[in-house]
1. What translational D, rounded to a whole number of µm²/s, comes out for segment 50-194 from Stokes-Einstein when the hydrodynamic radius is the Kirkwood one over Cα pairs, at 25 °C and 0.890 mPa s?
2. Highest first, please rank the peptides 162-169, 61-68 by the mean number of other Cβ atoms sitting within 10 Å of their residues.
3. Could you pull the Rg and Dmax for segment 109-184, using just the Cα atoms, both in Å?
4. Can you sort 87, 48 from fewest to most other Cβ atoms within 10 Å of each residue's own Cβ?
5. If I stretch the segment between residue 135 and residue 46 completely, what's the gain in nm (0.36 nm per residue apart, minus their alpha carbon distance), one decimal?
6. How far, in nm, would the chain grow between residue 97 and residue 181 when pulled straight, counting 0.36 nm per residue and subtracting the alpha carbon separation?
7. Rg to Rh for segment 30-107: what is it, with Cα atoms only and Rh by Kirkwood?
8. Calculate the FRET efficiency for residue 90 and residue 157 from the Cβ-Cβ distance with a Förster distance of 30 Å, rounded to the nearest 0.05.
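Read-outs: derived from the displayed coordinates by stated rules, not from any lab. All of these numbers come straight from a predicted model, not from anything done at the bench. For neighbour counting, all protein chains shown are included, and Cβ atoms are generated from backbone atoms with ideal geometry for every residue, glycine included.
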Amino acid sequence: MAKSLRLHTLLAFGLGALGAACWPLARAQQATLLGCSVTDNGVTAAAHFRVWRGKEPISGAICGYDVAVAPGPYELVITLDGVLGAHEQRVPVQARAGQVTRGQAAFETGELLVELTRTGRRSAGLVLLRQGAKEVARLSAGVATRVGVGTYVVEIESRGQRKRDEGITISRGERRVLAVEFGQAESYGSAAAK
């Protein structure tokens with residue numbers, strides 16, 4: 001009798017533990033999830049997203065990791081990683097109970113490299129990248145940078161001298177090299193003191 005009671009007790013605890021272990025799995029299978037899938041120039045790319053419900057951000061993650069939400073309408077704000085100017089797309093989605101919904105975003109980018117020389121030699125400088133009135137980025141000359149396709153204004157400053165180049169267009173997959181030559185820099189100090 002005691003042996004039988006121990007067997008029943010062990011069996012009850014074992015089934016209880018098994019049920020408890022299976023509960024999250026069963027619940028996960030019925031979860032409502034949101035995520036995203038992104039391409040850059042037709043190739044899968046790294047990105048992250050924020051989930052908005054109305055005017056409130058409620059969650060976010062990197063693409064490839066889904067987040068649990070209540071069923072209903074949402075907006076995903078998907079941002080492509082590694083591209084200056086925080087390129088983003090807004091994608092409306094409808095989360096359905098027990099399903100995984102992924103917003104799709106396709107980005108197009110190119111690469112810009114500003115090579116700066118002074119009297120024939122490589123030189124350092126600051127590059128300001130604008131689209132319309134919006135400043136997209138500040139970067140160093142000589143550093144290749146991924147940017148979204150479009151037309152940019154490039155302003156370059158080196159040793160007190162400035163140049164501006166308008167209408168620099170970057171196309172899908174293009175590597176654009178902009179060569180900028182500055183003349184001899186003005187000397188500071190002794191010449192001005194005389």
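1. The estimated diffusion coefficient comes to 134 µm²/s.
2. Working: 162-169: 11.9, 61-68: 15.0.
Final packing ranking: 61-68, 162-169.
3. 11.8, 36
4. Lowest count first: 48, 87.
5. Between residue 135 and residue 46, full extension yields an extra 29.7 nm.
6. 24.2 nm
7. Ratio of gyration radius to Kirkwood radius: 0.96.
8. It comes to 0.30.
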